[in-house]
Amino acid sequence: MKVALAFPAPTPPFRNLEGGYGDSEKTLLPPPTGLSVIACALQETRDDIETTVIPPQIIEPSGAVRYRKIEEVTQDCKDADCVGISCRWDNQEAALLLADAVRQTNEKSRIVFGGPNMWSSTMAEMVLRNVPSVDIVVRQAGERALGEYLEGTSLFAIPNLTYRQQGIPHSNYAGAPDMNKLPLWDFRHVRDPRHLAPFDARNPAFHAPRDLDLTPSVESNRGCIKASHEGACPYCSSGRDSFKTLDAPRFFEELAHLYAQHGMKDFFVADNIFSVSPRRVEELRKMRVERRRDLPEDLRMRAYAYPTDFRGENGWRTAEHLQVMGVRELFIGQETFDAEIARSLKKEIPKVEEMVQTLVMLKRFGFAVKIALLLGLPGETKESLQKNVDGLQRLLDACSTPDPAEGGLKSVDISRVMPLVGTELYDLLLKNPQACKTYLDIVLKPLHEDVCPRYPLLFRLLLEHHTSVTVDDVTAAEKKMISAARKALDPTKVGGFGV
Ligand code: B12
Ligand code: SF4
């Protein structure tokens, strides 16, 4: 059986979102982890499965990188019995075009959607109501669900599956696999070795990347500990699955495997929060030290941390453990400097002075830090926008550094909050008849059936119905923040996304 797993490139309006990650039209993105993890798990279930992972880009013979065209991916999927397509909000439109193109060239191929934009049953069921070329949707983890689907298990018995029952979409219960029982994975199903060579430290032409943003992603846990304790943040589409961890020895065994297979030694830790607890980081640190022999000495990682992880003595210890483990860059979601808005996010967010102290401490340990801020959150006022402008300025004055090697604040993301399908913010708009009517009048499609919603319009509706600010107010604050950050930091490290 032939299986093709594709990560389509975003279509033009969503290309090169930069977001402080560089020009993704021309910069090589790391090979897709999610699809590679699935490919390795499938291989374990049956040896007659031949899986190919198709990344979003092509490397030309000249070495130039460009996004793969939909026709090219369709051609790559021509003989596949099953085509799995990984969806993110920015490549969703491309994923739909690809599904239709594959269906036209191969009537029999089974077409499966999955990926970060398919995590909610709202989205999965919407796809099955509106996109006839898609056979099933896998929500959240894909390894077990896709394997069982290909094995022919009854659809109603497969966790995470959304399928049609007499034409009506039906979503099964969601279940997260035990990460420790999944096989070790690698990128062997990415067939073109040129996608892997630039990450191979054994290669004489290897240049260690200055930033770790575009290094291969790995996981030590899944789900979100914050979401499971306090509830998901209202703008988050990925915090709702149950929390699972990979045992510390397995995590480093996986890294050692990727080093042995591909010479990889720089990693992007995908965990929503890596520093789950002081005990966990201590355990990981111990294991890193114990496994010293199989791992490269200069193993480096970039990880997400929770804003209050670094409080007091525990915080200082957490920082030390992370540093010994090889973490060099931290991404911290501050989101807002307004205490009232922070409360509504059910997220504990430090005041600006505490954050300054944290950044100073992290700089002493040599961490390069990226801070994310979100504009237009429910409850936003002109005053809260001003607090964000002032708070960012305070952080920049105290801790910015244009050279990540020095540690300190090296990068900021200033984004407009997006009511992604599957988030509480999207549901808020869906329940608002006035917002839905405006959407229908302008787009001529009901919001609840639009698989690729117009996010700029949803952002405006969110501001109109749930804040006291306008798009112009947000734009003005955003401009001030971007300009201040560009003055203080390497301008290419000032990013953000949004509409
Ligand atoms: C790493 C990462 C990046 C890296 C990618 C490079 C790299 N180093 O790999 C960088 C930093 C560049 C990046 C950028 C962006 N990212 Co990003 N990123 C992530 C992150 C942190 C980890 C992804 C990962 O590797 N996960 C681990 C693997 C194993 O999980 P997975 O890919 O989800 O796959 C599993 C399932 O989803 C499923 N699955 C996946 N595909 C398929 C396909 C099929 C057929 C099936 C059955 C199942 C399936 O099975 C897999 C195994 O269980 C996630 C958040 C997260 N923690 O997951 C955000 C995330 C994927 N990113 C997101 C976004 C939006 C972006 C941006 C588009 C930001 C923006 N501008 O809006 C940019 C795009 C920039 C660009 N031009 O490419 C969102 C997607 C939300 C959505 N609804 O679409 C996420 C979920 C973060 C969030 N909560 O907002 N990102
Ligand atoms: S945004 Fe981050 S902290 Fe909030 S629920 Fe999502 S993954 Fe968890």
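If you go through the range 437-452 and keep only what is in a helix (DSSP H, G or I) and surrounded by 12 or more Cβ atoms within 10 Å (Cβ to Cβ), you end up with Lys437, Thr438, Tyr439, Leu440, Ile442, Val443, Leu447, His448. The number of residues in the range 223-272 being over 19 Å from Asn180 (Cβ atoms) and either away from ligand 1 (no atom under 11 Å from the Cβ) or among the aliphatic types (A, V, I, L, M) (or both) comes to 14. If you go through the range 450-489 and keep only what is touching a Lys or Arg at 6+ places or on another chain (Cβ under 7 Å) and over 14 Å from Leu377 (Cα atoms), you end up with just Leu489.
Taken over the range 281-333, the criterion of being of a type in the set (Val, Ile, Thr) and within 16 Å of ligand 2 (Cβ to nearest atom) is satisfied by Thr308, Ile332.
Matching residues to (1) assigned by TED's automatic domain parsing to the domain that holds Gly333; (2) within 22 Å of the chain's Cα centre (by Cα); (3) not in a strand (DSSP E or B):
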site: Leu373; (1), (2), (3): yes, yes, no
site: Val389; (1), (2), (3): yes, no, yes
site: Gly422; (1), (2), (3): no, yes, yes
site: Leu428; (1), (2), (3): no, no, yes
site: Ala435; (1), (2), (3): no, no, yes
site: Pro456; (1), (2), (3): no, yes, yes
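Report yes if some residue within the range 259-266 is among the aliphatic types (A, V, I, L, M) and either touching a Ser or Thr at 6+ places or on another chain (Cβ under 6 Å) or within 15 Å of ligand 2 (Cβ to nearest atom) (or both); otherwise report no.
Step one: list which residues in the range 259-266 are among the aliphatic types (A, V, I, L, M), which gives 260, 264.
Okay, now just the ones that are also either touching a Ser or Thr at 6+ places or on another chain (Cβ under 6 Å) or within 15 Å of ligand 2 (Cβ to nearest atom) (or both), so none.
No, that holds for no residue.
Answer yes or no as to whether Gly366 is of a type in the set (Gly, Ala, Ser) and out of contact with any strand residue (DSSP E or B) (no Cβ under 9 Å at 6 or more places or on another chain). No, not satisfied. Quick check on Glu230: is it farther than 18 Å from His321 by Cβ, within 11 Å of ligand 2 (Cβ to nearest atom) and over 20 Å from the mean Cα position of the chain (by Cα)? Considered against the rule, which asks whether it is farther than 18 Å from His321 by Cβ, within 11 Å of ligand 2 (Cβ to nearest atom) and over 20 Å from the mean Cα position of the chain (by Cα), Glu230 comes out as yes. For the range 193-201, the condition of being away from ligand 2 (no atom under 16 Å from the Cβ), more than 23 Å from Phe7 (Cβ to Cβ) and part of a loop (DSSP other than H, G, I, E, B) holds for at least one residue.
Going through Asp213, Asp271 one at a time, which residue ends up being more than 16 Å from ligand 2 (Cβ to nearest atom), in a loop (DSSP other than H, G, I, E, B) and outside the structural domain of Ala145 (by TED's automatic domain parsing)?
Values: Asp271 fails: more than 16 Å from ligand 2 (Cβ to nearest atom).
Selected residue: Asp213, the only one of Asp213, Asp271 that is more than 16 Å from ligand 2 (Cβ to nearest atom), in a loop (DSSP other than H, G, I, E, B) and outside the structural domain of Ala145 (by TED's automatic domain parsing).
Scanning the range 247-269 for residues that are touching a residue at least 60 places away in the same chain (Cβ under 8 Å), under 19 Å from Pro31 (Cα atoms) and surrounded by fewer than 18 Cβ atoms within 10 Å (Cβ to Cβ) returns His257, Gln261, Gly263.
State the number of residues belonging to the range 415-436 that are surrounded by 15 or more Cβ atoms within 10 Å (Cβ to Cβ) and either over 23 Å from Gly231 (Cβ atoms) or hydroxyl-bearing (Ser, Thr, Tyr) (or both). Spell out how you get there, then give the answer.
So in the range 415-436, the residues surrounded by 15 or more Cβ atoms within 10 Å (Cβ to Cβ) come out as 415-430, 432, 435-436.
Subsequent filtering for residues that are either over 23 Å from Gly231 (Cβ atoms) or hydroxyl-bearing (Ser, Thr, Tyr) (or both) retains 415, 423, 426, 436.
The qualifying residues number 4.
Okay, residues lined up against (1) buried (at least 17 other Cβ atoms within 10 Å of the Cβ); (2) modelled with pLDDT under 95:
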| site | (1), (2) |
| --- | --- |
| Arg364 | no, yes |
| Lys382 | no, no |
| Leu385 | yes, no |
| Leu392 | yes, no |
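Checked against the criterion of being under 26 Å from Ile225 (Cβ atoms) and of a type in the set (Lys, Arg), the candidates Lys346, Lys387 yield just one match: Lys346.
Looking only at the range 282-305, decide whether some residue is among the hydroxyl-bearing types (Ser, Thr, Tyr) and either farther than 26 Å from His229 by Cβ or crowded, with 22+ Cβ neighbours inside 10 Å (or both). No, because not a single residue in the range 282-305 is among the hydroxyl-bearing types (Ser, Thr, Tyr) and either farther than 26 Å from His229 by Cβ or crowded, with 22+ Cβ neighbours inside 10 Å (or both).
The values are calculated or read from the model by the stated rules, or taken from the named source; none is laboratory data. Bear in mind that the values here come from a model prediction, so they are computed numbers and not experimental data. Every residue, glycine among them, receives a Cβ derived from its backbone with ideal geometry; neighbour counts consider all protein chains shown.
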